1. Select, from B:Leu188, B:Leu171, B:Leu175, the only residue that is surrounded by fewer than 23 Cβ atoms within 10 Å (Cβ to Cβ) and out of contact with any His (no Cβ under 9 Å at 6 or more places or on another chain).
2. Could you tell me which residue of the stretch B:279-327 is surrounded by the fewest Cβ atoms within 10 Å (Cβ to Cβ), considering only residues that are of a type in the set (Gly, Ala, Ser) and in contact with a Pro (Cβ under 9 Å, 6 or more places away or on another chain)?
3. Yes or no: the stretch B:103-112 includes at least one residue that is under 21 Å from the mean Cα position of the chain (by Cα), within 14 Å of chain A (Cβ to nearest Cβ) and either in contact (Cβ under 8 Å) with a residue 12 or more places away in the chain or in a loop (DSSP other than H, G, I, E, B) (or both).
4. State which residue is nearest to B:Tyr390 (Cα to Cα) when the search covers only the stretch B:438-467 and only residues that are surrounded by fewer than 12 Cβ atoms within 10 Å (Cβ to Cβ) and at pLDDT 90 or above.
5. From the set of residues in the stretch B:375-389 that are more than 10 Å from chain A (Cβ to nearest Cβ) and under 15 Å from B:Asp160 (Cβ atoms), which is modelled with the lowest pLDDT?
6. Pairs under 7 Å by beta carbon, first residue without any contact (Cβ under 8 Å) to a residue 12 or more places away in the chain in the stretch B:442-456, partner surrounded by 10 or more Cβ atoms within 10 Å (Cβ to Cβ) and outside any loop (DSSP other than H, G, I, E, B), six or more apart or different chains?
7. Which one is surrounded by the fewest Cβ atoms within 10 Å (Cβ to Cβ), of the residues in the stretch A:135-173 that are β-branched (Val, Ile, Thr) and away from every other protein chain (no Cβ under 14 Å)?
8. Of (1) β-branched (Val, Ile, Thr); (2) surrounded by 22 or more Cβ atoms within 10 Å (Cβ to Cβ); (3) under 14 Å from the mean Cα position of the chain (by Cα), A:Ile199 satisfies all except one. Which?
Amino acid sequence: NYKLTINKWYIVLCCGVVLLTMTVFSGYFSHSTDFEVHRNWLAITHSLPVSKWYHENTSEWTLDYPPLFAWFEYSLSHVAQHFDKEMLVVQNLLYTSPATILFQRLSVIVTDIVFIYAVKECCRSVREEKGSKDLLGHPFFILAALLLWNFGLLIVDHIHFQYNGFLFGILLLSVARHLQGRHLEGALLFTVLLNLKHIYLYIAPAYGIFLLRSYCFTEDNTDGSVRWSSFSPVRLVALGSIVISVGALSFGPFIAMGQLPQVLSRLFPFKRGLCHAYWAPNVWALYNMVDKALSVLGVRLKLLDVAKLPKASMTGGLVQEFQHSILPSVSPSITLICTLLSIMVMLSIWCRPRGARGFLRCLVVCALGSFMFGWHVHEKAILMAILPFSILAVESREDAGIFLMLTTTGHYSLFPLLFTAAELPIKVLLMLLFTLYSFTSLKKLFRGSLLNPLETTYLLGLVAVEILCEVVYPLSPWQHTMPFVPLLVTSVYCSLGVCYSFIRLYVSLLRQHGTDKHKQL
Amino acid sequence: MENWSLVSICVLFGLTARWAVSLNSYSGAGKPPMFGDYEAQRHWQEVTYNLPVHEWYFNTTDNNLNYWGLDYPPLTAYHSLLCAHVAKLINPDWVELHASRGHESYGHKLFMRATVLVADLLIYIPAVVLYSFYLSEGSNKKKVCTVLCILLYPGLILIDYGHFQYNSISLGLALWGVVVLGLGWDVLGSLAFVLSLNYKQMELYHSLPFFCYLLGKCFKQGLAGRGLFLLVKIAVTVLVTFALCWLPFLSDPGQILQVVHRLFPVGRGLFEDKVANTWCSLNVLIKIKTILSTDTQLYISLTTTLLAILPSSIKLLMKPTLWQFKLALVNSSLAFFLFSFQVHEKSILLPALPVCLLLNDLPLPAIWFLQASTFSMLPLFLKDGLLVPYVVTSLAFLFFSIYLLSALEHCSEDKLRLGPYRQLYRIGWALFYFSITAMAGLSFMSVALAPPAQLPDLFPLLVSVFSYLHFLGLLLYFNIVQIAEPPQSVRKNQKKSN
């Protein structure tokens, strides 16, 4: 009877989300660049033969996702031709019509079914506490609400337009399978995901180490360390064959045609700069800020010559290379080293595996670490850390505190993605909705305040930043001379919060490792 | 979870739905020369800002009454003046005399939508929250669900934020009147209602229940002593409020006459367009509009309206309780809608408001009525290009209200308050599903199919007749509920068992 009520509420939540997204999109015929990107890919995959897919560059938005995604777009294009044939012509750059937009929006909503199913599976795996709770306080319900109504996902997918619901659905489903102990399925799903969007390479190390350690070695010693004798070659071969077969399915045709280098060059364009035009709130944003501050200070104190400073334009314009003025410049290899150093902690699951939950924690640390130190990170990538972290947040009090911090700042950092006046009430309302819900539900679940006063003050400061950037600054005289200041302020302020959450998460992981060692002694 | 957070979440959700709908098209978008209600509101801002008060309702060279002349009472004019001042600060082009006619722009649309949202947030939404928490019965969860369902009522959202009107102000003030009266502050309640009446004259539909309720209360307290005192207090409040609202016009009787003339245009016929009321539906069978003279039409309409509202009003007069009051509001406004003169389809919002208040007590009939009322306005929505919001908000409302209020599961014969008519509720359940399916089917047909050449108005007519049958049936039902109310002791027992 209880399960029935839970299922009913789940359906209510899902339908609520679907209906909300339909209402939101119906009137708002925006045209972000992502629309054009995906329209172009529909056109390329539909109109051109496979051999031309990764060579085509009529439009600047070339195909830069792995082949499985191209096949996905190909199948979508067969449905698209019933809506509007004109969108499938490659030459129709920036083509738009109500039917096109309707189709693209609907495709996101329909593919979200994967996400909805994945959330259901995750909720099933959530550990329940004993004792009767009313429905709204049940972890199952809270997790479902936090995932389905995730502000970042709603904004990025349904307003800004991407297929993240679909992709994160596969990721969460893979995590759920691991939590349920069905590792082969989880591995299969992750490989499929990797072949759909290669950004998930960031978390591949966590998968790799976990599967190798917990799946290929069937038993542990009593103290938790590796029992080398229990290595199971069968399992390793099974995993390997899954990875290879999926890879062959997706990349195979291109390898056969000898196009692999071209595909790889499209997938990994390193010519872009350290930061996006709007700095993602990571370590490099702080680094840039310090650099700029020092240079301004240096010019004021007459220590530096203005003419000698590079004509940097880090924030004005699209993706460009730039040099730092005072601090050493950062190259891609440096970011790689920093990222690897930051996620070194995940070797802890090699030494002391903590089952699927430890793996999940490492996955989040991996995602967040690569967000913090990566090259040309987009602020949307914060979702890769937030969504899996929600599962941990409903199970432990400390995680809930870190989650609230990370999620609020991460979501706020997405605000500059929607900059028109029409979108302002929507993003403010949805943000308030999600933040209010996450705070009150987690507070009720763990019976007590989850944040210390300093953190609360920081989060309240976000309100001040928002008012400053959206209301006060545009009316001030500096709006025309320095239009990038609101973006700068938002980015730097949020990176403080994100860095802080990362450090706390890291510390919690190390502390777990430490307690294990302590228990041993 | 605590109440305040749940309520805030519901309110935020309601606001999001409202703003999302407001991103759609509005009445008369891109349709010169007359445009639609949106242009009318903008024009009123222009007129009230630029012209002196004594010219607002008169036909002058600067104020052509044929182009959306003011035809609402003074409070609407003052509200337009307030909005115009704000508009002038942002962009003076929006209210330039003559030059701004037909002005349509992205920024202006955002401004106008924002004014509706602000008014809603300040007046209607607090009233809904207060009503649910202080005047409705049930657990806290049920009260929060009531807030959500009332806020999701599609008809009001689509008309105010889609078609573009300010119904939330007049309905909100009327709701404040109900809430305050329910809390026992009669004078303040009558003040709120008079303000509401001075915003839109259609609130007259609600005036008889207010009158009967207050009069009944005075009678109950004894006309010799406290009752008379109360009566005098209320009368004085009403008169003073009217005087204050009409202050600029009181200097000249000609002004008052002209305003009244604008508010009640008796020159027009029995009905315009397709409305889901008796006369329009009757017109399908007998062309009464052409057979009878205007005076006879007026006479017949007046008589039938009075006959329809008589039972409910008398019952309320004899027994002025909150429950009777709510039902009388429904019965009176619905009777006016069905039988009155020159009714517009948007007037269905007037009975819809008190029916929203009954969501908690009589879930199934209330949801049925509210959905039928939204459906009855479908031709208007199609004309305004609001099809997708209509579909989505109706689905959302049905979904949430049915699940949250568990209308179909806990629909016991007690709750339907039909007393001896127990078997009917099962049939009612099946009829509800059939009706919703029929509405969906008719909606689909209105959009997808083209009407046959000899009957170009087929689908609007079908929609209005279908809705009319619903309204008539529900009018009978609500009247029966109000009049055949079980004796006091039975109701008290039922309250205990809840």
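The values are calculated or read from the model by the stated rules, or taken from the named source; none is laboratory data. The structure displayed is predicted, hence computed values, not measured ones. Don't worry about glycine lacking a Cβ; one is built from the backbone with ideal geometry, like all the others, and counts go over all protein chains shown.
1. B:Leu188
2. The qualifying residue surrounded by the fewest Cβ atoms within 10 Å (Cβ to Cβ) is B:Ser313.
3. yes
4. B:Phe444
5. Of everything passing the filter in the stretch B:375-389, B:Asp384 is modelled with the lowest pLDDT.
6. Pairs found: B:Pro451/B:Leu458; B:Pro451/B:Phe459; B:Pro452/B:Leu458.
7. Out of the qualifying residues, it is A:Ile170.
8. (2)
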